[in-house]
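Accompanying notes for the structure given below.
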Number of protein chains: 2
Amino acid sequence: MGLDIFFKPKSIAIIGASRNPERVGHVILKRMIEIGFPGKLYPVNPRAEEILGIKCYSSTDEIPDQIDLAVIALRADMTPQALEEAAKKGAKGAIVVSGGFSEIGNEDLERKLLEVARNYKVRVIGPNCLGVFDPKDRIDTLFLPEEVIPRPRPGEVSIITQSGSLGSALLTMIRKEGRGISKFISYGNRLDVDEGDLINYLADDDETKVIAAYIEGVANGRKFMDAIRRASMKKPVVILKGGRTSSGDRAVKSHTGSLAGRSDIFQSAVKQSGAVVVDTLDEFIDVPVALATQPPMRGDRVAVITNGGGFGILAVDSLEQRGFRVTPPSSKLMERLREMLPPYYPVGNPTDLTGDSTPEQFLETGLAFTESGEYDALYLIPLFGVPGMEPERTKRLLIELVNRSKLPVVACAVPTTPEVEETLNEIERMGLPIYPTPERAASALKGLLEYGEIRRRIEHF
Amino acid sequence: MGLDIFFKPKSIAIIGASRNPERVGHVILKRMIEIGFPGKLYPVNPRAEEILGIKCYSSTDEIPDQIDLAVIALRADMTPQALEEAAKKGAKGAIVVSGGFSEIGNEDLERKLLEVARNYKVRVIGPNCLGVFDPKDRIDTLFLPEEVIPRPRPGEVSIITQSGSLGSALLTMIRKEGRGISKFISYGNRLDVDEGDLINYLADDDETKVIAAYIEGVANGRKFMDAIRRASMKKPVVILKGGRTSSGDRAVKSHTGSLAGRSDIFQSAVKQSGAVVVDTLDEFIDVPVALATQPPMRGDRVAVITNGGGFGILAVDSLEQRGFRVTPPSSKLMERLREMLPPYYPVGNPTDLTGDSTPEQFLETGLAFTESGEYDALYLIPLFGVPGMEPERTKRLLIELVNRSKLPVVACAVPTTPEVEETLNEIERMGLPIYPTPERAASALKGLLEYGEIRRRIEHF
């Protein structure tokens with residue numbers, strides 16, 4: 001595939017590599033070493049013989065082998081020539097992290113860079129971008145050190161972002177919540193590779209289960225919508241559009257110069273093409289996590305099982321506010337719940353397992369709700385800190401519930417202590433998405449409902 | 001004031017104190033010692049001579065002095081007699097943490113406990129509650145250890161909660177975000193002291209700047225609304241109502257047996273009485289933090305200053321979605337901004353200080369927006385991790401901006417590293433509320449707008 005060169009290169013030239021730890025060209029080389037890039041690394045810098053223990057070349061031309069990919073971290077006006085030299089050395093792709101192009105009014109320079117790219121048929125990501133972070137293929141061109149952008153573990157969600165600063169914040173948030181990432185691409189001024197190309201590529205990427213895209217405006221509307229349509233046949237595509245309001249749209253024009261077009265039209269076209277559209281930064285992280293592990297919802301009826309009464313009520317409110325039905329159990333199911341639980345437990349929807357709850361009760365109650373056929377999803381609130389909820393056993397039985405219930409399951413739980421937080425992270429890694437507030441769990445479920453509707457629409461054709 | 005006995009007792013009997021670290025009566029005594037309660041502690045237990053180094057009494061009767069407050073941690077059926085004995089020893093207040101009353105159908109026992117309270121004129125918080133946490137007065141009857149509920153530092157927001165499990169989660173979240181608490185009261189089955197009493201008390205409490213109440217249903221609607229009306233003349237009252245939807249209302253009835261009444265009528269009565277009504281758990285924590293340090297908004301025009309373009313756009317979207325006006329600057333202000341900032345900075349609303357930003361630019365730009373008279377609040381997005389944003393200087397200059405601008409100011413920033421997180425916590429403690437997502441900062445500002453409208457309504461009378 002066309003963009004493989006960015007993720008699976010055998011050799012990379014880092015043009016503008018630097019001995020100075022403060023410089024972008026140093027951080028990138030250092031990160032590529034630290035992440036364990038399995039191919040060859042060729043630092044290029046006329047004033048260094050060796051950087052970080054790796055032989056350095058005074059020009060691209062001097063590199064003894066052919067190169068697949070160039071990462072260019074030079075002053076803007078030096079990038080067209082650097083790209084040309086890289087192309088002559090065989091590079092099929094280049095990531096230009098340098099800023100100083102159209103974003104500050106330097107349209108001419110950007111055009112010049114584009115000309116080189118076209119002439120030599122080099123695909124270019126950037127300029128003015130963070131580039132690529134891909135922990136599985138071991139590529140990291142983010143030019144900010146780990147102290148500034150903590151990198152997440154490998155995962156199943158790929159993110160593309162038009163905003164670098166938002167992208168770095170997203171990585172931080174994902175890392176903080178113990179979540180993972182498959183591929184992350186910050187594409188900046190999208191001289192060449194645009195959101196349409198990236199979605200097309202990720203649609204075919206087996207390591208990407210969900211595509212999440214932060215978009216301000218698109219380069220080519222038709223191509224973008226086609227890419228979403230094609231990708232959403234294979235996997236969920238989640239879109240957060242910056243500039244959804246009239247003031248936001250004005251800000252987009254000033255920020256990127258993108259012609260976003262009428263935001264409401266854009267949003268409905270994106271939805272029509274098969275994307276799950278989200279509205280907040282939290283949702284942009286939370287919804288993909290649910291989509292990566294849970295089946296889509298086939299209907300809108302949710303059963304809530306809690307061991308904290310107040311939490312159960314807030315969960316029910318947030319579900320109903322998002323259009324779900326939190327229907328009471330049939331009398332048959334009520335009878336079954338009453339038989340299996342102590343008489344003082346408030347059963348129904350929600351069912352409150354109280355402070356006397358055990359993980360076994362979560363499992364049995366969850367299975368009873370599932371087997372009734374009366375619900376389309378389970379919403380669990382397993383609060384730790386009561387004697388019966390021993391973390392290890394709780395983890396095991398909640399995962400058993402997820403595996404035995406064929407329904408989508410999400411959970412809300414509060415990481416009270418570092419130990420509980422680690423348990424919750426493990427539970428999530430094992431396949432049950434967990435959110436810190438009732439509203440965030442409900443929004444994640446909403447993503448599963450919307451993707452279910454999209455799947456049914458697609459299958460209907 | 002009537003409820004002072006719960007917060008400023010000179011002596012406390014802990015009836016049901018235990019040597020067993022697993023028991024509630026042990027945890028409470030331990031926490032009262034650890035928090036440094038300045039008065040006398042009298043553990044009561046017939047089978048212990050000493051617990052945690054403190055002399056233990058075999059019955060309340062044997063305590064040599066008069067007691068002010070009793071904390072009762074006994075089996076439910078033993079509580080009426082224990083309350084009577086405490087009353088005879090002079091107790092004017094009792095916190096009954098024991099469960100096993102009306103919440104599991106034991107209405108008779110609860111009535112019996114109430115009779116004793118009425119006969120002896122003892123005020124009772126509980127039963128079936130966590131009781132009181134008051135880090136300034138050094139009271140802590142939360143019967144779960146610090147490993148289960150991490151306690152927050154002293155602060156300016158007081159919380160009352162009808163749900164104990166939600167209450168403990170709130171404390172955890174507040175602690176996790178580095179925020180503080182003035183008084184926390186979980187009042188359980190509200191045998192005697194109810195939400196109206198508590199709001200009345202906190203209205204007069206100088207250590208409480210903001211009252212936040214999680215309510216499912218109220219004991220006495222008229223008294224509750226009167227308390228809000230009275231309190232909101234003095235300080236903001238923030239209400240989160242559990243059971244806002246029809247399914248949520250059904251869950252409330254099953255959880256607490258409260259007659260919540262029609263939720264929409266309740267909500268509008270609460271608003272009419274002067275409360276700021278919030279809709280999510282995050283808002284319940286975020287809005288009070290803003291109200292505790294920022295003046296109310298006098299109008300709905302917000303200026304956004306960012307150093308991350310994408311964040312600025314999401315901020316603008318979330319503001320406009322909440323009804324704010326993110327109006328462009330006048331040509332005069334535009335001119336001033338252009339004069340003071342580098343030519344390639346996108347100025348306007350938002351103004352993007354880009355990756356080249358410095359804290360000085362945040363200060364100067366913020367003052368320019370303020371002095372223009374064109375805005376009612378500042379919304380800052382200071383992202384760290386770019387070279388110019390040195391944490392210590394940033395902290396100093398942002399606080400200078402808050403102090404020199406008379407406008408309300410809120411901020412959105414991402415805690416990238418533990419160091420940045422600590423800096424952000426310090427900035428917030430010094431008076432600038434900071435939120436991790438654009439939407440949460442916008443919701444906090446919305447609280448300031450609503451409280452401004454409430455103040456104007458009150459002053460108009």
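Within the span defined as the range B:61-80, every residue fails to be in a loop (DSSP other than H, G, I, E, B), surrounded by 15 or more Cβ atoms within 10 Å (Cβ to Cβ) and without any contact (Cβ under 8 Å) to a residue 40 or more places away in the chain.
Out of B:Y379, B:Y375, B:Y344, I need the residue that is away from every other protein chain (no Cβ under 11 Å), in a loop (DSSP other than H, G, I, E, B) and touching a helix residue (DSSP H, G or I) at 6+ places or on another chain (Cβ under 7 Å). Which one?
Answer to the check: B:Y375.
Restricting the search to the range A:26-50, which residues are under 25 Å from A:K136 (Cα atoms) and touching a Lys or Arg at 6+ places or on another chain (Cβ under 9 Å)? Let's see the steps before the verdict.
Going through the range A:26-50, the residues under 25 Å from A:K136 (Cα atoms) turn out to be A:26-43.
If the condition is that a residue be under 25 Å from A:K136 (Cα atoms) and touching a Lys or Arg at 6+ places or on another chain (Cβ under 9 Å), then A:H26, A:R31, A:M32, A:I35, A:G36, A:F37, A:P38, A:G39, A:K40, A:Y42, A:P43 are the ones that fit.
If you go through the range A:347-363 and keep only what is surrounded by fewer than 18 Cβ atoms within 10 Å (Cβ to Cβ) and either in a helix (DSSP H, G or I) or without any contact (Cβ under 8 Å) to a residue 12 or more places away in the chain (or both), you end up with just A:E360. From the list B:G16, B:G36, B:G90, the lone residue that is at positive phi and free of Cβ contacts under 8 Å to residues at least 40 places away in the same chain is B:G90. Per the conditions (1) among the aromatic types (F, W, Y); (2) within 14 Å of chain A (Cβ to nearest Cβ); (3) over 26 Å from A:D264 (Cα atoms), the sole criterion not satisfied by B:F362 is (2). For the range B:296-327, taking the residues that are within 12 Å of another protein chain (Cβ to nearest Cβ) and small (G, A, S), the one that is nearest to A:E216 (Cα to Cα) is identified as B:G310.
In the set B:T437, B:T417, B:T370, only one residue is at pLDDT 95 or above, over 19 Å from B:P296 (Cβ atoms) and among the hydroxyl-bearing types (S, T, Y); that residue is B:T437.
Which ones in the range A:25-44 are surrounded by 21 or more Cβ atoms within 10 Å (Cβ to Cβ) and not in a strand (DSSP E or B)?
Step one: list which residues in the range A:25-44 are surrounded by 21 or more Cβ atoms within 10 Å (Cβ to Cβ), which gives A:25-29, A:31-32, A:42-44.
A:G25, A:H26, A:V27, A:I28, A:L29, A:R31, A:M32 - these are the residues of the range A:25-44 that are surrounded by 21 or more Cβ atoms within 10 Å (Cβ to Cβ) and not in a strand (DSSP E or B).
Taking B:R111, is it touching an Asp or Glu at 6+ places or on another chain (Cβ under 9 Å), surrounded by fewer than 24 Cβ atoms within 10 Å (Cβ to Cβ), assigned to a helix (DSSP H, G or I) and not aromatic (F, W, Y)?
Working: touching an Asp or Glu at 6+ places or on another chain (Cβ under 9 Å): no; surrounded by fewer than 24 Cβ atoms within 10 Å (Cβ to Cβ): yes; assigned to a helix (DSSP H, G or I): yes; not aromatic (F, W, Y): yes.
No, not satisfied.
Among the residues of the range B:114-131, which ones are surrounded by fewer than 18 Cβ atoms within 10 Å (Cβ to Cβ) and assigned to a loop (DSSP other than H, G, I, E, B)? Correct list: B:K121 only. Annotation: B:G105 fulfils all but one of (1) out of contact with any helix residue (DSSP H, G or I) (no Cβ under 7 Å at 6 or more places or on another chain); (2) at pLDDT 95 or above; the unmet one is (2).
Within the range A:140-157, the residues that satisfy the criterion of being within 17 Å of the chain's Cα centre (by Cα) and acidic (D, E) are A:D140, A:E156. Out of A:R325, A:R336, report the one residue that is assigned by TED's automatic domain parsing to the domain that holds A:M389 and crowded, with 16+ Cβ neighbours inside 10 Å. Sole residue among the options that is assigned by TED's automatic domain parsing to the domain that holds A:M389 and crowded, with 16+ Cβ neighbours inside 10 Å: A:R336.
The listed residues are B:K183, B:K235, B:K223, B:K241, and the only one of them that is under 16 Å from B:G274 (Cβ atoms), crowded, with 24+ Cβ neighbours inside 10 Å, of a type outside the set (A, V, I, L, M) and not assigned by TED's automatic domain parsing to the domain that holds B:M32 turns out to be B:K241. Among the residues of the range A:132-151, those that are under 25 Å from A:N189 (Cβ atoms), part of a loop (DSSP other than H, G, I, E, B) and either of a type in the set (A, V, I, L, M) or within 14 Å of chain B (Cβ to nearest Cβ) (or both) comprise A:L142, A:F143, A:L144, A:P145, A:V148, A:I149, A:R151.
The values are calculated or read from the model by the stated rules, or taken from the named source; none is laboratory data. In this text the structure is predicted, and so the values were computed from the model without any measurement. Reconstructed Cβ throughout: ideal geometry from the backbone, glycine too, with neighbour counts over all protein chains shown.
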